[in-house]
Every structure is written in structure tokens, then in C-alpha cells.
1. Could you check the simple spin-label distance between residue 11 and residue 66, using points 7 Å along Cα→Cβ, in nm with one decimal?
2. Using only the alpha-carbon atoms, how far is helix 107-121 inclined from the longest principal axis of the chain? Give it as 0 to 90 degrees, nearest 10.
3. Rounded to the nearest 5, what is the percent of antiparallel bridges among the DSSP beta bridges in the chain?
4. Which angle between 0 and 90 degrees, to the nearest 10, do you get for helix 22-33 versus the longest principal axis of the chain when only C-alpha atoms count?
5. Express in whole angstrom the spacing between the alpha-carbon centres of the range 173-195 and the range 199-256.
6. In terms of the Cα gyration tensor, with a ≥ b ≥ c the square roots of its eigenvalues, is the range 1-101 rounded because a/c is under 1.5, prolate because a/b exceeds b/c, or oblate?
7. Would you work out if the chain is rounded, prolate or oblate? Take a ≥ b ≥ c from the square roots of the eigenvalues of the alpha-carbon gyration tensor; rounded if a/c is under 1.5, else prolate when a/b is larger than b/c, oblate otherwise.
8. What's the center-to-center distance, using Cα atoms, between the range 94-134 and the range 283-337 in Å?
Ligand code: DAH
């Protein structure tokens, strides 16, 4: 039996070595090591071996089983490695790769970033405030009386607790002044909300860029110079500007700034922003809110401005419909990458 086992082992190893495919190898494995395989049969025939020989032969049989198992695993690993190699064999690494689709910033974000860059060069810092605001920050502190139409329920989204979605980013003026004494030089980009019916030129959520400058001896000339510089930097030196008298509750005097640019808005004037000299009443409201006289209007003056970015984007990019800006249609967005 001893010699038989040794022969058995040799022929099994030869068959394992001779298997040419994983499938062939597997059938060899079943033949020898399978549940009804030859090793099992040999184990059974141990019963017929004289008692004295059993331990020695049993041990030998076990060694054969282990040797064969190891040989199978080796051979299987070789096949697996060959498979991996052949999978990459045909690859031509000199071919160009699959290009990644590169995303880009939303056109409004691009425009906003450009505007921010210009004001940063002028020394303005970035400020921010929440979209959900108190009525006081949005209206009262901005010298907007309770009967003002902007406060109407049909114009503003009120929450059940009396707060509201800010109707303009001018709220950040108030927050900035409540938080720190003058001088102030900030811009605040952000969302604003109005109960407008959505159409080609209106959204109920839109984007503004607010500015506030408070210092000593600030004049309309500073306001005008700053805004004209800004507009030229943003839109190019061909742009024309004009300031028209206007009314805002929080500035006195107040203006609207229009711009005209060849090839944009069919060459017609377009309204870009509202602005003016900060109304002393606003500074007094801030003092009330702060509980001090840090913003004494006899000492401090300033200007403020607020512009809508969506309409500007429409004009600059020649968009026929403002809703393109919120639909996130890849075919539209990809044109700005
Ligand atoms: N808050 C105004 C609006 O939403 C825009 C505005 C006008 C902002 C004059 C200002 C300003 O800071 O001084 O229509």
C-alpha cells in the first residue's frame, strides 16, 4: 500500500501539472480531492489495512492529501496570474486616455466672483447674513415704514413666526454695523426673495450684491468714483454710465446707476443698481440696536449700493429667459466652461 500511495501521488501531481486550463484543473481536483474522489476512496479502504500498519499509512495518506491540495492551489494561482496578464496584454498604453468631463462654475457664480474681485482690490471685505431674517433687519432698521409696499404680504415671504425671507441683501448692512463699529467697507453677495410670479424675466429667488462704505467725510463723489471704476473693471472701458435720481428709504439722496455697452441689451441703457448716501435714520436705528452712539451721523457718513446679478448675467450672456439660470441644464451650463 505504501508504494501504491507514492505512485498515486506522483500520477496526481503529473495530472495537475498537465492541466492546461482552469476547467481541466478543476476536473482533476474533483477526481482526486472531490467528495467521491480517489483520496476519499483510499481513506475508506484504510479499514482493510492491518491494524498495525494503519497509523503509518494514515499519516502518509494525509501527507498526500496536503501535498495535492497545495499543488492544486499553486496551479490555480498560476492560471489566475496568467489570466490577469492576458487581460492587459492587448492594451496599447500609447493610446490617449478617456477624457474626464471637466465641470465649471455656474455663470452667475463666475460673474459674482468677478464682481467680488474688483471690490476686493478696492479694499472691501466680504460680509454675509442669513436668508431668513427679522422684519427689523429687513425693513425697520432700513428706515422702511410699516405701511411701505415692500412689506406687503403679497410682496414678501413671511414665516409663521414673523420672520421672513430677506427681500434684499441690504439686511447685511444692518448686521455688519450691529456687529462692529465704523469704519465699514463691505460687500455682501447673496440670495434675495420676492413673491414674484415666475416668468422669463422674474424669479422668486434672485441674487444681489450689496455694498456698504462708512467713514468720515464720505461724499457722493466717492460713491460715483467707486461705482464707475467697478463698472469699467467688470464690463470693460467701453461702458458708459449714468446716474439718475431715485428714491430708497435707506439712502438720501438716492440714485439708480444705468450702464450702456455696445452689443449688450441691443445697445440700450440698462439699470444696474440702486445706491445712495446712507440715511442718518439708518445710522440712528443701528445705534438703537447697538445701545451706543458708535454710528453718530454727525461724525460718520457713508454710501451703500445694491445690484441684481441675474439681470446683468442675462444681458451680458444674451440670455432670452432668466429661468435658464436655475434649470441646471447641462447643455446650457457647458457653454460657460
Ligand atoms: N435694496 C435695494 C433693492 O433691493 C437695492 C439698493 C438700493 C441697495 C440702494 C442699496 C442702496 O444698498 O443704497 O432694490
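1. Each label point is offset 7 Å from its Cα along the Cβ direction, giving 2.5 nm.
2. Helix 107-121 and the main axis of the chain meet at about 60 degrees.
3. Counting only bridges with both partners in the chain, antiparallel ones make up about 95 percent.
4. The helix 22-33 is inclined about 50 degrees to the chain.
5. Comparing the Cα centres of the range 173-195 and the range 199-256, I get a distance of 15 Å.
6. Since a/c reaches 1.5 and a/b is larger than b/c, the shape of the range 1-101 is classed as prolate.
7. prolate
8. 14
Values quoted throughout were computed directly from the atomic coordinates according to the rules given, and no laboratory measurement underlies them. Please read these numbers as outputs of a predicted model, since none were measured by experiment. Neighbour counts run over all protein chains shown; Cβ positions are idealised from the backbone, glycine included.
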